[in-house]
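Below is one structure, written out as structure tokens; the observations come after it.
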Amino acid sequence: MIKDYSVYELSKWERLGFYLAGYVCISVTVYLFYHSVILAALSGVLIHWGVPYFMKYMADKRKNALALQFKDLLYSLSASVAAGRQMEDALIEAEGNLSVIYDKNEPIMKELRHIRIAITENKESDKLLLRDFAFRSKSEDINNFVQVYITCRNMGGNLEKIIGHTTEVLNDKMSIDREIKTLTAQKKTEGRIISMMPFMMLLLLNVFSYSYIAPLYTSFAGRLIMTAALAAICYGMYLMEKISEIQV
């Protein structure tokens, strides 16, 4: 069970891999622009300030995975309730149904395992467990489903009909969200490829025509130009990510 899906704790190997990859990328970039081994080695430590952004990226990735897995859970719950089972039994049964699709270490499987143990061994209420799951997931779709289910239980509505309709509506919304993310992902990829072109051009000039750009590395004015160019490229990459970042 994950306490907060908006907070991601990096494992030892994830942290080590990020530091190594980030240090190499920053060092190579700085060397490419300044031809200074010392400056490149020192600049690599800047990767430490990128850890929070990487943790946010991993948390968002996990939340997106949970949203897709929750969609399959909705299908399982809807089918079980339609067959006459209570929600407690439907949740327990869902673990077996989804185990065919997902590994036991996937977020939804951890949640279902926690719910099964809490219901069968600790005799906890399914409403409290689902409310806790919705709170920790920080997902609007999961929270909406749980609120509808709890209201239905408290008001004595037709559970099968309401859950089936809610499942259909949320699945349509998730499908639209996924389509939007697919479209924006293509533009993000194109933007990242374009952002890499200045680095590739500079690398090719260093390899095949170094004498042409040598003044950029040997004069004070050249250093200023390279610094301004690197700052402009980094700012452009930042703007590209912000522009293509669509909240759905």
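The values are calculated or read from the model by the stated rules, or taken from the named source; none is laboratory data. Only a predicted model underlies this, so the values are computations on that prediction, with no experimental measurement involved. Glycine gets a Cβ as well: all are built from the backbone with ideal geometry, and neighbour counts include every protein chain shown. Each accessible area value is taken on the protein alone, full model and side chains, heavy atoms only, with ligands, DNA and RNA left out. Shrake-Rupley method; radii C 1.70, N 1.55, O 1.52, S 1.80 Å.
Provide the gained length on full extension for the span Thr120 to Phe135, in nm with one decimal, where the gain is 0.36 nm per separating residue minus the Cα-Cα distance. All intermediate terms of the calculation are to be shown ahead of the outcome.
On the way: separation 15, 0.36 × 15 = 5.40 nm, distance 2.20 nm.
Result for the pair: 3.2 nm of gain on full extension.
Mean separation of Cα pairs under 8 Å and 6 or more residues apart, divided by the residue count, gives the chain a relative contact order of 20 percent. Size check on the chain: the Cα extents along the three principal axes, sorted descending, read 79, 34, 29 Å. GluC sites (Glu not before Pro), restricted to the stretch 169-248: which are DSSP loop and have at most 16 other Cβ atoms within 10 Å? Here the GluC sites (Glu not before Pro) that fit, given the DSSP loop and packing criteria, are Glu245.
Once the Cβ-Cβ distance between Arg223 and Ile194 is put in as r, and R0 is 25 Å, what FRET efficiency do you end up with, to the nearest 0.05?
Numbers: r = 26 Å, r/R0 = 1.02.
Efficiency for this residue pair is about 0.45.
Taking 27 Å as the straight-line reach from the Cα of Lys110, the lysines in range (excluding those fewer than 8 positions away in the same chain) are Lys3, Lys12, Lys56, Lys61, Lys63, Lys71, Lys123, Lys127, Lys138, Lys173, Lys181.
Can you compute the FRET efficiency between Gln86 and Arg15 using 1/(1 + (r/R0)^6), with r the Cβ-Cβ distance and R0 = 45 Å? Round to the nearest 0.05. It comes to 0.55.
Restricting the calculation to alpha carbons of the stretch 42-156 gives Rg and Dmax of 17.2, 66 angstrom. How high is the relative contact order of the stretch 171-248? Use alpha-carbon pairs under 8 Å, at least six apart in sequence, and give a whole percent. Relative contact order here is 47 percent.
I want to verify a result. In a Gaussian network model of the chain, Cα cutoff 10 Å, which of these has the top mean-square fluctuation: Leu46, Leu66, Leu170? Maximum fluctuation in the GNM of the chain, among the listed residues, is at Leu46.
Rounded to a whole number, what % of the accessible area of the stretch 22-103 do carbon and sulfur atoms account for, probe 1.4 Å? Can you show the working numbers first?
Details: 2960 of 4410 Å².
Its accessible area is 67 percent carbon and sulfur atoms.
Largest GNM mean-square fluctuation among Ser211, Ser195, Ser125, using the chain with Cα springs under 10 Å: Ser211. When each full DSSP H helix of the chain is screened for a Cα extent of at least 30 Å along its own axis and an average Kyte-Doolittle hydropathy of at least 1.0, the helices passing are 220-243. The residues of the chain present an accessible area of 61 Å² per residue when probed at 1.4 Å with all protein chains retained.
Computed in the context of the full set of protein chains, the accessible area of the stretch 119-248 at 1.4 Å probe radius has 66% of its extent on carbon or sulfur. For a straight C-alpha distance cut-off of 17 angstrom, the aspartates and glutamates reachable from Lys188 (same-chain residues fewer than eight places away being disregarded) are Asp60, Asp177, Glu179, Glu241, Glu245.
Work out which trypsin sites (Lys or Arg not before Pro) in the chain are exposed loop sites (DSSP not H, G, I, E or B, at most 14 other Cβ within 10 Å) and give the longest gap free of them. Mind dumping the intermediate values first?
Numbers: sites that count: Lys3, Lys104, Lys123.
The longest uninterrupted stretch comes out as 124-248.
Within the shell defined by Cβ-Cβ distances under 11 Å, the residues around Asn64 carry a net charge of +3, with Lys and Arg each +1 and Asp and Glu each -1. How would you classify the stretch 160-248 from its alpha-carbon gyration tensor, with a ≥ b ≥ c the square roots of the eigenvalues: rounded for a/c under 1.5, else prolate if a/b is greater than b/c, otherwise oblate? Prolate. Dividing the mean sequence gap of close Cα pairs (under 8 Å, 6+ apart) by how many residues the stretch 1-126 holds gives a relative contact order of 24 percent.
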